[in-house]
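S.K.: Pasting in a structure now, in structure tokens, and then I'll have a few things to ask.
The values are calculated or read from the model by the stated rules, or taken from the named source; none is laboratory data. What you see is a predicted model; the values in this text were computed from it and never measured. Positions of Cβ are backbone-derived with ideal geometry, glycine not excepted, and every protein chain shown enters the neighbour counts. Note: areas computed on protein heavy atoms with side chains; ligands, DNA, RNA excluded. Shrake-Rupley method; radii C 1.70, N 1.55, O 1.52, S 1.80 Å.
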Amino acid sequence: MKNLKLHVATWILSRFVPARDREALVGDLTEEHARLTAAGRRDAPFGWYLRHVCASIPPLVWAGLARATWPTTLAIALAAFFLTVLMQTFVQWAIRSLAVKVDGPVAMVIFSPLVLLIGYLAERIRRRTSIVFGALLLLTIAAMTVWDLNTGKLHIQRQLPAYLLGLAVICIGVATKRRRSSAR
Amino acid sequence: MAYFFYYSKQMSKRDESLGSVEHIVLLAVMRLGNEAYGITVLQEIESIAGRSLSIGTVYATLWRLESKGFVKSAAGEPTAERGGRAKRYFRVTAEGKSAVCRAQDSILKLSSGLTDLQLGK
């Protein structure tokens, strides 16, 4: 029964340890557990083991988050995406307040440099962010296309430039990545 | 714009300072020499410094030190008492040694001239 508890505790702990160090960390715990058991203490080894498993999970989770690059990349890409939405709202409001009739593609010409600039800045802050940002833009436009298809009012002339813009933002990330690898 | 890029570069730069736990772990690895691996580092800290850490904290700190370039690790030999699992040995690099020297130096400089009263003794 105690062995089963030990196995369960080890399994839970090993979920939070990177594969490279899993063997070493579990081995360290097993070694100390064996030493304490050999010292003849009845319940102390298991208590020691369980205490270390429970106390180890928070720092291991934190270390995992700190080492992972994707949460930061995603956070910057999301910030860029919301900034784009904010910019779009502002540009549309500015056009309306000028009382000028501007159709979709023309608004896109005004809006595109802003999006490309945001994509470029996001890429400068963190690598591969513009790829995630571009993917978010493409997903949003795709969702809008699906919505239009369902309602039977497809505005492809408005959405096609947006698709191209999303791809252009991704290209910024790819081009920067290539430039970095050729500079090395 | 120039300031923006300056700060983004500074943020991505490697942090070369030592936290208090990092300092202790690094000293323990230095003391242990060729015998520094997870559990021995933990025991050294407990027996010498009297601080109780979890094995997870020790490993998380060692990973952080490794990413800063202050320690290097290598896989060791598997043993029977470890259930056939290999050890991971850690050793301090030259950068790690100079980081310890810098940290010790600043502590000495800051604490010099303090009276017992100020230290609360």
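S.K.: Can you give me the angle between helix A:129-151 and the longest principal axis of chain A, using Cα atoms only, in degrees from 0 to 90, rounded to the nearest 10?
M.R.: The angle comes out near 60 degrees.
S.K.: Please find, in a Gaussian network model of chain A (springs between Cα atoms separated by less than 10 Å), the residue of A:Arg96, A:Arg20, A:Arg127 whose mean-square fluctuation is greatest.
M.R.: For chain A, modelled as a Gaussian network with Cα springs under 10 Å, the answer is A:Arg20.
S.K.: Assign one of three labels to segment B:22-83, namely rounded, prolate or oblate, based on the Cα gyration tensor with a ≥ b ≥ c the square roots of its eigenvalues; rounded applies when a/c is under 1.5, prolate when it is not and a/b is larger than b/c, and oblate otherwise.
M.R.: It comes out oblate by the Cα gyration axes.
S.K.: Now, a different point. Under unit Cβ charges (Lys, Arg +1; Asp, Glu -1), what dipole magnitude, rounded to 20 debye, does the protein assembly as shown have relative to its Cα centre?
M.R.: Using Cβ point charges on Lys, Arg, Asp and Glu, the protein assembly as shown gives about 600 debye.
S.K.: Right, here's the next one. Over all residues in A:55-63, what is the mean tally of Cβ atoms on other chains that come within 10 Å of each residue's Cβ?
M.R.: Mean shielding by partner chains, rounded to a whole number: 6.
S.K.: What is the gain in length, in nm to one decimal, between B:Ile107 and B:Ser47 on full extension, counting 0.36 nm per residue of separation less the C-alpha to C-alpha distance?
M.R.: 19.3 nm
S.K.: What angle do you read, to the nearest 10 degrees and between 0 and 90, between the alpha-carbon axis of helix A:70-97 and the longest principal axis of chain A?
M.R.: Rounded to the nearest ten degrees, it is 20.
S.K.: Which three lengths, in whole Å and largest first, does segment A:106-174 cover when its Cα atoms are put on their principal axes?
M.R.: Result for segment A:106-174: principal-axis Cα extents of 41, 23, 14 Å.
S.K.: Can you give me the angle between helix A:156-183 and the longest principal axis of chain A, using Cα atoms only, in degrees from 0 to 90, rounded to the nearest 10?
M.R.: 50 degrees
S.K.: Need one word for chain B: rounded, prolate or oblate. Basis is the Cα gyration tensor (sqrt eigenvalues a ≥ b ≥ c); a/c below 1.5 gives rounded, then a/b vs b/c decides.
M.R.: It is oblate, given that a/c is not under 1.5 and a/b is not larger than b/c.
S.K.: Using the scaling law 2.2 N^0.38 Å as the reference, what is the normalised Cα Rg of segment A:53-95?
M.R.: Working it through for segment A:53-95, the quotient is 1.97.
S.K.: How shielded is B:77-84 by partner chains, expressed as the average number of their Cβ atoms within 10 Å of its Cβ atoms?
M.R.: 5
S.K.: Ok, one more. Counting only protein heavy atoms and using a 1.4 Å probe, what share of the accessible area of chain B belongs to carbon plus sulfur, as a whole percent?
M.R.: For chain B, the apolar C and S fraction of the accessible surface comes to 56 percent.
S.K.: Just to confirm the filter: which chymotrypsin sites (Phe, Trp or Tyr not before Pro) across segment B:21-82 are DSSP coil and have at most 15 other Cβ within 10 angstrom of their Cβ?
M.R.: Filter output for segment B:21-82: empty list.
S.K.: Going from the alpha-carbon gyration tensor of the protein assembly as shown, what semi-axes, largest first and in whole Å, does one get by taking the root of 5 times each eigenvalue?
M.R.: Result for the protein assembly as shown: semi-axes of 53, 27, 17 Å.
S.K.: Under a 1.4 Å probe, what is the accessible area of the protein assembly as shown per residue, stated in Å²?
M.R.: In whole numbers, the protein assembly as shown has 61 Å² accessible per residue.
S.K.: Once you've got the GNM for chain A with C-alpha springs shorter than 10 Å, pick whichever of A:Ile172, A:Ile57, A:Ile141 has the biggest mean-square fluctuation.
M.R.: A:Ile57
S.K.: Going by Cα centres, segment A:158-174 and segment B:66-121 are how many Å apart?
M.R.: Here the two parts' Cα centres lie 49 Å apart.
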